[in-house]
1. Is at least one residue of region 82-89 assigned to a loop (DSSP other than H, G, I, E, B), touching a residue at least 40 places away in the same chain (Cβ under 8 Å) and over 23 Å from residue 9 (Cβ atoms)?
2. Take region 1-30 and flag every residue that is touching a residue at least 12 places away in the same chain (Cβ under 8 Å) and acidic (Asp, Glu).
3. Is it the case, given these coordinates, that residue 28 is assigned to a loop (DSSP other than H, G, I, E, B), of a type outside the set (Phe, Trp, Tyr) and within 23 Å of residue 120 (Cα to Cα)?
4. Within the group 90, 135, 128, 57, which residue is of a type in the set (Lys, Arg), at pLDDT 95 or above and within 15 Å of the chain's Cα centre (by Cα)?
5. Do the conditions hold for residue 37, that is, is it surrounded by fewer than 15 Cβ atoms within 10 Å (Cβ to Cβ) and within 30 Å of residue 116 (Cα to Cα)?
6. All but one of (1) assigned to a strand (DSSP E or B); (2) modelled with pLDDT of 95 or more; (3) under 30 Å from residue 30 (Cβ atoms) hold for residue 96, so report the exception by its number.
7. Residues of region 40-50 being in contact (Cβ under 8 Å) with a residue 24 or more places away in the chain and either surrounded by 14 or more Cβ atoms within 10 Å (Cβ to Cβ) or in a helix (DSSP H, G or I) (or both), which ones?
8. Based on this model, can you work out whether residue 119 counts as at pLDDT below 95, among the β-branched types (Val, Ile, Thr) and more than 22 Å from residue 26 (Cα to Cα)?
Amino acid sequence: MVQEGNFVAIHYTGKLENGEVFDSCTGEVPFEFEVGAGTVITGLDNAVRGMEINEEKQVVIPPEEAYGEYNDAMLQSIPLDEVRQYFDPKVGMTIGVQLENGMHVPATIKEVGKENIFIDFNHQLAGKTLYFNVKIVEINDEPKYSSGCSCDDHDCGSNCSC
């Protein structure tokens, strides 16, 4: 049975409310994480606790147990001239932005205006209820897989903060 501190390998499919699949590793290398280590979203971490090998279940994870509510304060404007010296911005692009503390974070370009671009620092799944089908593949005391599926670059990988 899955307990805190176990390394659990799962197959999952993650969907949005409209049924759109945002990520899946079913049939691929399992996604592995340490239960209770804070490396995955709270709702997924809690969902696997108590499950057994080969057990499968449907899980509904509200925004507050996933990527949080959408926050309008996370939208920012940057002068277009500052950006164009490095690349030609397009709506929908995900870019890396260096913060004042030197940390790099992803942001999505929401709008390209005549003088500014508007970027969104919210996670792409912020404000969304997530629907997972989860199956326990293995339960281990130490990590077995160096990498698994990575939530299609939505920061859910074993080295990220799902």
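1. Within region 82-89, the subset assigned to a loop (DSSP other than H, G, I, E, B) is 85-89.
Next, only the ones that are touching a residue at least 40 places away in the same chain (Cβ under 8 Å) stay: none.
No, because not a single residue in region 82-89 is assigned to a loop (DSSP other than H, G, I, E, B), touching a residue at least 40 places away in the same chain (Cβ under 8 Å) and over 23 Å from residue 9 (Cβ atoms).
2. Start the filter on region 1-30 by keeping residues that are touching a residue at least 12 places away in the same chain (Cβ under 8 Å), which leaves 1-17, 22-30.
Selection gives 4, 17, 23, 28.
3. Working: assigned to a loop (DSSP other than H, G, I, E, B): yes; of a type outside the set (Phe, Trp, Tyr): yes; within 23 Å of residue 120 (Cα to Cα): no.
Considered against the rule, which asks whether it is assigned to a loop (DSSP other than H, G, I, E, B), of a type outside the set (Phe, Trp, Tyr) and within 23 Å of residue 120 (Cα to Cα), residue 28 comes out as no.
4. Values: 90 fails: within 15 Å of the chain's Cα centre (by Cα); 135 fails: within 15 Å of the chain's Cα centre (by Cα); 57 fails: within 15 Å of the chain's Cα centre (by Cα).
The unique qualifying residue is 128.
5. Numbers: surrounded by fewer than 15 Cβ atoms within 10 Å (Cβ to Cβ): yes; within 30 Å of residue 116 (Cα to Cα): no.
No; evaluated as a whole, the condition is false for this residue.
6. Answer for residue 96: the failing condition is (2).
7. Listed by number, the residues that qualify are 40, 41, 42, 43, 44, 47, 48, 49.
8. Working: at pLDDT below 95: no; among the β-branched types (Val, Ile, Thr): yes; more than 22 Å from residue 26 (Cα to Cα): yes.
It is false that residue 119 is at pLDDT below 95, among the β-branched types (Val, Ile, Thr) and more than 22 Å from residue 26 (Cα to Cα).
The values are calculated or read from the model by the stated rules, or taken from the named source; none is laboratory data. Note that the structure is predicted; figures quoted are calculated from it, not measured. Glycine also receives a Cβ, built like all others from the backbone with ideal geometry; neighbour counts cover every protein chain displayed.
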